[in-house]
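The block underneath contains the structure these notes are about, expressed in structure tokens.
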Amino acid sequence: MNNDIKILSIESSCDETAAAVTLNGREVLSNIIYSQITLHEEYGGVVPEIASRKHIEKINQVIDRALKESGHTLRDMDAIAVTYGPGLVGALLVGVSAAKALAFATGIPLIGVHHIEGHICANYIENKELEPPFVCLVASGGHSHLVVVKDHGEFELIGRTRDDAAGEAFDKVARAIGLGYPGGPKIDKAAREGDPDAIDFPRAKVDGSEYDFSFSGLKSAVLNYLNQAAMKGEQIVTADVAASFQKAVVNVLTEHSIHAVKEYGYKKFAIAGGVAANSSLRDELDKRCREEGIEFYRPSPIYCTDNAAMIGTAAYYEYLKGTRSGYDLNAVPALELGKR
């Protein structure tokens, strides 16, 4: 008897149209991503209407290619998984509608997946030995979360951003210093040529919430620095601004994360989300975890940014628990972690 579980997964929460086929949660048979970055660059960020229209145009092509590259057909799938929140409502609806249509036409079980749970589960793909419990930092354009992963599908949110997410701050600062969109990779690249100690930007702490984040003050400090330098006629070294800003963000994310791991008494720590692809953050966390005797897990950059393989991994554990979604599954743009 074959107990292998094959899942077709779909991700369309923002500006990537993605589909994947996974085997038993941790083996990726295909992972197809259509990125819209070039479409949104000229606008300095994601335009929801454009993203939704492009998802409609590409979704069937991406699904067909994912199945073809996996070497399986739709009828071979044990479940169809899809991100249903959080994210841009129009973008989410495209993926949810496609998944429901396929599930209805075939009778294959449907599983709605939380986008942030997917990011956390990306760590399981390449780290076959990783099992809960552990602490995970989820840093992306829309979220900065510190999460205790108690078990598969069981989470405790212990810290979150009070204003701008880390990735959002990267985008806004990159725009301000003329690097453009997307901000994360462009600041990461520019920072390699700059002095991270050139400018002493602030590190915010939230009173009474030791694990929460705040990046709006840092963003404002960068803008003030740029305005003052311009008014004084001083030269602005873009690489130094990028490096100093990045160091401030990395310092806050690192200190909060290591503090949480130690206070909760865990020896395993993971990162997830688009900002987790940042080279400085990965290097600093690796260094600090080695110093503290903490096992450090991080996905390859392709699994940090939005992809469908991570959704298939999360769906696998929901499938084992018996989670099934009805044909009334809808997009929930503000879906909270741990809620269904």
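Every number here is computed from the coordinates shown, using simple stated rules; none is lab data. All values derive from a computational prediction rather than experimental measurement. Cβ: placed from backbone, ideal geometry, glycine included. Neighbour counts: every protein chain shown.
Of V47, S12, S35, which is farthest along the charge dipole of the range 2-61 in the positive direction, counting Lys and Arg as +1 and Asp and Glu as -1 at C-beta?
After comparing all options, I get S12.
Please get the size of the charge dipole for the range 281-340, origin at its Cα centre, with Cβ charges of +1 on Lys and Arg and -1 on Asp and Glu, quoted in debye to the nearest 20. Don't jump to the answer; show the numbers that get you there.
Working: 9 positive and 10 negative charges, 42 e Å.
With only Lys, Arg, Asp and Glu charged at Cβ, the dipole is about 200 debye.
Tell me which of Y264, I177, G87 sits at the most positive position along the dipole axis of the chain, charges placed on C-beta atoms (Lys, Arg +1; Asp, Glu -1).
Result: G87, furthest along the dipole toward the positive end.
How large is ³J(HN,Hα) for each residue in the range 255-265, as worked out from phi by the Karplus curve 6.51 cos²θ - 1.76 cosθ + 1.60 (θ = phi - 60°), to whole Hz, x for Gly and Pro?
5, 4, 5, 5, 4, 5, 4, 5, 5, 8, x
Could you give the size of the charge dipole of the range 150-297 about its Cα centre, using +1 on the Cβ of each K and R and -1 on the Cβ of each D and E, expressed in debye and rounded to the nearest 20?
Using only the charged Cβ atoms, the result is roughly 260 debye.
If you plug each phi of the range 232-240 into the Karplus form 6.51 cos²θ - 1.76 cosθ + 1.60 with θ = phi - 60°, what whole-Hz ³J(HN,Hα) values come out, in order, with x for Gly and Pro?
So the J values, rounded to whole Hz, are 8, x, 7, 6, 9, 8, 4, 5, 5.
Can you list the HN-Hα couplings for the range 166-179, worked out from phi with the Karplus curve (6.51, -1.76, 1.60; θ = phi - 60°), rounded to whole Hz and with x for Gly and Pro?
4, x, 5, 5, 4, 5, 5, 5, 4, 5, 5, 9, x, 8
Angle, helix 279-292 long axis vs. longest principal axis of the chain, Cα atoms, 0 to 90°, nearest 10?
90 degrees
Using Cα centres only, tell me the gap between the range 23-76 and the range 149-223 in whole Å.
27 Å
Which of rounded, prolate, oblate describes the range 85-162, given a ≥ b ≥ c as roots of the alpha-carbon gyration tensor eigenvalues and a/c under 1.5 marking rounded, otherwise prolate only if a/b is larger than b/c?
Here the range 85-162 falls in the oblate category.
In terms of modelled amide H atoms, which long-range or inter-chain residues lie less than 5 Å from the amide H of Y297?
Placed amide hydrogens put F269, A270, I271 under 5 Å from Y297.
Show me the trypsin sites (Lys or Arg not before Pro) within the range 244-315 that DSSP assigns to loop and that have at most 16 other Cβ atoms within 10 Å of their Cβ.
K267
How big is the dipole moment of the chain about its Cα centre under a simple scheme where the beta carbon of each Lys and Arg is +1, that of each Asp and Glu is -1, and everything else is neutral? Debye, nearest 20, please.
Charge dipole, the chain, about its Cα centre: 400 debye, nearest 20.
Relative to the longest principal axis of the C-alpha atoms of the chain, give the angle of the C-alpha long axis of helix 309-321, reported between 0 and 90° and rounded to the nearest 10°.
So the inclination is approximately 50 degrees.
Using only Cα atoms, tell me the angle between helix 48-70 and the longest principal axis of the chain; keep it within 0 to 90° and round to the nearest 10.
Computed tilt is about 50 degrees.
With a sphere of radius 9 Å drawn around the Cβ of K6, what net charge do the other residues whose Cβ falls strictly inside it have (Lys, Arg +1; Asp, Glu -1)?
Numbers: positive: none; negative: D4, D76, D78.
With Lys, Arg at +1 and Asp, Glu at -1, the net is -3.
Exceeding 29 Å between C-alpha atoms, which entries from my cross-link table qualify? They are K6/K128; K58/K219; K247/K267.
Pairs exceeding the cut-off: K58/K219.
Can you give the log10 of the normalised intensity I(q)/I(0) at q = 0.06, 0.07, 0.13 Å⁻¹, computed with Debye over equal Cα scatterers of the chain?
For the chain at q = 0.06, 0.07, 0.13 Å⁻¹, log10 I(q)/I(0) is -0.21, -0.29, -0.95.
Which one of N224, N251, N24 has the biggest mean-square fluctuation once the chain is modelled by GNM with Cα springs under 10 Å?
Evaluated over the chain, the most mobile residue of the options is N224.
Near P132, within a Cβ-to-Cβ distance under 10 Å, what is the net charge of the other residues, with Lys and Arg +1 and Asp and Glu -1?
Values: positive: K150, K268; negative: E131, D151, E154.
Its environment carries a net charge of -1.
I'd like the antiparallel share, as a percent to the nearest 5, of DSSP beta bridges with both residues in the range 80-230.
Rounded to the nearest five, the antiparallel share is 65 percent.
The range 100-177: which trypsin sites (Lys or Arg not before Pro) are DSSP loop and have at most 16 other beta-carbon atoms within 10 angstrom?
Answer in residue order: K128, R162.
Express in nm, to one decimal, how much length is gained between S220 and R324 on full extension, taking 0.36 nm for each residue of separation and deducting their alpha carbon distance.
Stretched out fully, the S220 to R324 stretch lengthens by 33.0 nm.
Amide H to amide H, which residues 5 or more places from T161 or on other chains are under 5 Å from it, using H placed in the peptide plane?
Counting only residues 5 or more places away or on other chains, the set is S144, F213.
Longer than 20 Å from Cα to Cα, which of K54/K339; K172/K232; K150/K339 are they? Say none if no pair is. Don't skip to the end; give the middle numbers.
Values: K54/K339 29 Å; K172/K232 23 Å; K150/K339 15 Å.
Result: K54/K339; K172/K232 exceed 20 Å.
What's the FRET efficiency of K232 with K287 using the Cβ-Cβ distance as r and R₀ = 41 Å, to the nearest 0.05?
Efficiency at R0 = 41 Å is approximately 0.65.
Please check: in the Gaussian network model of the chain (C-alpha springs, under 10 Å), which one of G183, G107, G167 has the largest mean-square fluctuation.
Among G183, G107, G167, the largest GNM mean-square fluctuation belongs to G107.
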